[in-house]
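First up is the structure itself, then whatever we jot down about it.
The values are calculated or read from the model by the stated rules, or taken from the named source; none is laboratory data. Here the structure is a predicted model, which means the values were calculated and not measured. Here the Cβ positions follow ideal geometry from the backbone for every residue, glycine too, while neighbour counts run over all protein chains shown.
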Amino acid sequence: MFKDFFLVFISNLILVVCVLVGVAFLTLLERKVLGYIQIRKGPNKVGYMGLVQPFSDAIKLFSKEQTFPLMSNFNLYYFCPLMNLFLSLFLWMCIPFFTVNFGFNLSVLFFLSVSSLSVYTVMLAGWSSNSSYSLLGSLRAVAQTISYEVSLALIMLSLLFLILGVNFLDFEKFQENLWFVFLTFPLFYMWLVSSLAETNRTPFDFAEGESELVSGFNVEYSSGGFAMIFLAEYSSILFMSFLCSLMFLGADIISWFFFIKVTIFSFFWIWSRGTLPRFRYDKLMYLAWKSYLPISLNYLLGFFSLKFLIFTLFI
């Protein structure tokens with residue numbers, strides 16, 4: 001038993017380290033792609049073609065002086081970025097493995113539960129700073145995340161009716177011959193846009209609208225605290241790219257092609273940041289509650305009826 005626990009611990013430690021290295025190079029990819037979109041080079045001085053740039057950034061961030069506002073709630077202020085990063089890395093534990101790892105038969109429920117918890121860290125990070133700007137930023141981020149979590153959960157439920165299970169591994173069995181993106185293209189499109197909103201990225205980054213909120217809920221953070229919030233954001237981008245590929249483009253996890261698809265989705269996150277202007281906040285909420293919610297509910301009822309019909313006719 002002890003050896004099994006040790007193997008599980010080591011395999012998850014390797015997974016987390018690989019995710020953090022992936023996050024480091026995702027930031028480099030973002031700066032390079034944004035550079036070329038804006039007709040400039042991006043980082044190209046540190047190491048060969050700027051490959052060591054993410055690590056020098058990390059050293060600089062973590063070695064800077066950590067400041068904290070005098071009137072802040074110190075314990076919460078210090079603890080929230082840590083918890084934010086922990087939750088975003090903890091999400092990766094539900095990724096299906098074929099080797100020694102957690103046997104998650106309920107991995108979809110685990111994803112929905114843990115992703116909902118990150119709302120609290122954002123809210124408390126904004127509130128504990130004792131700054132009006134960070135509080136406003138955190139309230140916007142929380143309202144946005146909760147709104148789009150509803151449509152994300154309903155889209156996921158529609159797919160769960162198709163596979164009749166709550167394990168991410170089931171997506172591989174049901175997509176051997178036909179990817180779900182061809183079967184449910186509108187749902188795929190809605191999932192992609194909702195994922196953008198869920199990760200607080202352009203064109204939905206209202207938590208950090210420069211004109212009025214400076215940098216959003218992380219405005220008072222510096223050094224390691226800011227770096228952890230930054231890492232958590234990019235880790236969740238990678239995870240949502242992974243989920244998009246897993247749920248809609250065939251979950252062939254043991255092939256290189258799967259990771260190429262994950263990279264393409266991550267590139268889409270960056271591409272949208274470089275090209276799309278920021279949405280208006282009321283339109284964002286209108287999109288969530290008046291467009292995506294009714295459509296995803298209708299899809300859910302449609303798939304439920306379809307499954308019920310199949311069961312009554314053939315079983």
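Below, the figures for the structure above:
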quantity	calculated
Residues being in contact (Cβ under 8 Å) with a residue 60 or more places away in the chain and either buried (at least 19 other Cβ atoms within 10 Å of the Cβ) or more than 12 Å from F206 (Cβ to Cβ) (or both) - total across the stretch 142-162	13
Residue in the stretch 75-95 that is under 30 Å from G165 (Cβ atoms) and assigned to a loop (DSSP other than H, G, I, E, B) present	yes
Only one of A141, A197 that is part of a helix (DSSP H, G or I), within 30 Å of E65 (Cβ to Cβ) and of a type in the set (A, V, I, L, M)	A141
Of all residues making up the stretch 245-301, the number that are among the β-branched types (V, I, T), within 28 Å of G35 (Cβ to Cβ) and surrounded by fewer than 13 Cβ atoms within 10 Å (Cβ to Cβ)	2
Subset of the stretch 1-59 [aliphatic (A, V, I, L, M), free of Cβ contacts under 8 Å to residues at least 60 places away in the same chain, in a helix (DSSP H, G or I) and closer than 27 Å to I229 by Cβ]	L13, I14, V17, V21, A24, L28, I59
Set L139, L76, L89: member being modelled with pLDDT of 85 or more, surrounded by fewer than 18 Cβ atoms within 10 Å (Cβ to Cβ), of a type in the set (A, V, I, L, M, F, W, C) and under 22 Å from the mean Cα position of the chain (by Cα)	L139
Single condition N130 does not satisfy, out of (1) closer than 27 Å to P186 by Cβ; (2) part of a loop (DSSP other than H, G, I, E, B); (3) not charged (D, E, K, R)	(1)
Looking only at the stretch 207-218, and only at residues there that are surrounded by fewer than 23 Cβ atoms within 10 Å (Cβ to Cβ) and either within 16 Å of the chain's Cα centre (by Cα) or not hydroxyl-bearing (S, T, Y) (or both), the one that is modelled with the lowest pLDDT	E210
Evaluation of F182 against (1) surrounded by fewer than 18 Cβ atoms within 10 Å (Cβ to Cβ); (2) under 19 Å from the mean Cα position of the chain (by Cα) (one fails), failing number	(2)
Complete set of residues in the stretch 161-179 that are closer than 18 Å to L297 by Cα and in a helix (DSSP H, G or I)	F161, L162, I163
Odd one out for E176, checked against (1) surrounded by fewer than 17 Cβ atoms within 10 Å (Cβ to Cβ); (2) closer than 17 Å to Y292 by Cα	(2)
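Let's see how each residue does on (1) closer than 26 Å to V122 by Cβ; (2) charged (D, E, K, R):
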{"position": "V219", "(1), (2)": "yes, no"}
{"position": "G250", "(1), (2)": "no, no"}
{"position": "K290", "(1), (2)": "yes, yes"}
{"position": "N298", "(1), (2)": "no, no"}
